[in-house]
Amino acid sequence: MGRVKLNLPETFNYETEIKIRITDINYGGHLGNDSTLSIIHEARVRFLNNYGYSEIDIDGVGLIMSDTVIVYKSEGFYGDTLKVSITAGDFNPYGCDIYFKIENKDSGKEVVRAKTGIVFFDYNNRKIAKTPEKFKNLFYS
């Protein structure tokens, strides 16, 4: 079986730090895959909040995660501080990808690279919505 490869953008628009909690550790003694997705979710919420948005209000529409790719590069351990770099790209009429580069803040070693595909969604009408131009323009100059 071929390995999943994920190329990341060269630049990121936002950074945040998240500390690995004891509840994030699995039986192998390192960051668990379920916790990795939770960390990505927390980082995405912070990213959106930085621009004055939430997952249910991006210029009047929300978002739904359509897919996720997570590629592990090294282990993360209890107490490590993760630097999470985030950007959006690969826009289409109804969504985009949000990219994540997660590194150990102290060592600089890459721990995870990830992307979540999102689709914009009108929760009031339960329908897919157009990509908000104002949001898209934040990432294209």
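Of everything in the range 70-82 that's assigned to a loop (DSSP other than H, G, I, E, B) and open to solvent by less than 40 Å² (accessible area, probe 1.4 Å), which residue is farthest from Glu42 (Cα to Cα)? So the residue we want is Ser74.
The rows are residues; the columns are (1) open to solvent by 60 Å² or more (accessible area, probe 1.4 Å); (2) modelled with pLDDT under 95; (3) in a strand (DSSP E or B); (4) of a type outside the set (D, E, K, R).
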{"residue": "Thr68", "(1), (2), (3), (4)": "no, no, yes, yes"}
{"residue": "Asp90", "(1), (2), (3), (4)": "yes, no, yes, no"}
{"residue": "Gly117", "(1), (2), (3), (4)": "no, no, yes, yes"}
{"residue": "Phe120", "(1), (2), (3), (4)": "no, no, yes, yes"}
{"residue": "Asn125", "(1), (2), (3), (4)": "yes, no, no, yes"}
{"residue": "Lys130", "(1), (2), (3), (4)": "yes, no, no, no"}
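Applying the condition of being assigned to a strand (DSSP E or B), closer than 21 Å to Tyr123 by Cβ and touching a residue at least 12 places away in the same chain (Cβ under 8 Å) to the range 19-61 and asking which residue is most open to solvent (accessible area, probe 1.4 Å) yields Val61. For beta carbons closer than 8 Å, sequence separation of 6+ or different chains, a first residue in the range 93-107 that is free of Cβ contacts under 8 Å to residues at least 60 places away in the same chain and a second that is open to solvent by 60 Å² or more (accessible area, probe 1.4 Å) and not in a strand (DSSP E or B), the qualifying pairs are Pro93/Lys130; Tyr94/Lys130; Cys96/Lys136; Glu103/Lys109. The residues listed here are Glu17, Glu42, Glu55, Glu75; of these, the one that is more than 17 Å from the chain's Cα centre (by Cα) and modelled with pLDDT of 95 or more is Glu75.
The values are calculated or read from the model by the stated rules, or taken from the named source; none is laboratory data. Predicted, not measured: the structure shown is a model, and the values here were computed from it. We place every Cβ from the backbone using ideal geometry, glycine too, and count neighbours over all the protein chains shown. Ligands, DNA and RNA are excluded from the accessible area calculation, which covers all protein heavy atoms including side chains. Shrake-Rupley method; radii C 1.70, N 1.55, O 1.52, S 1.80 Å.
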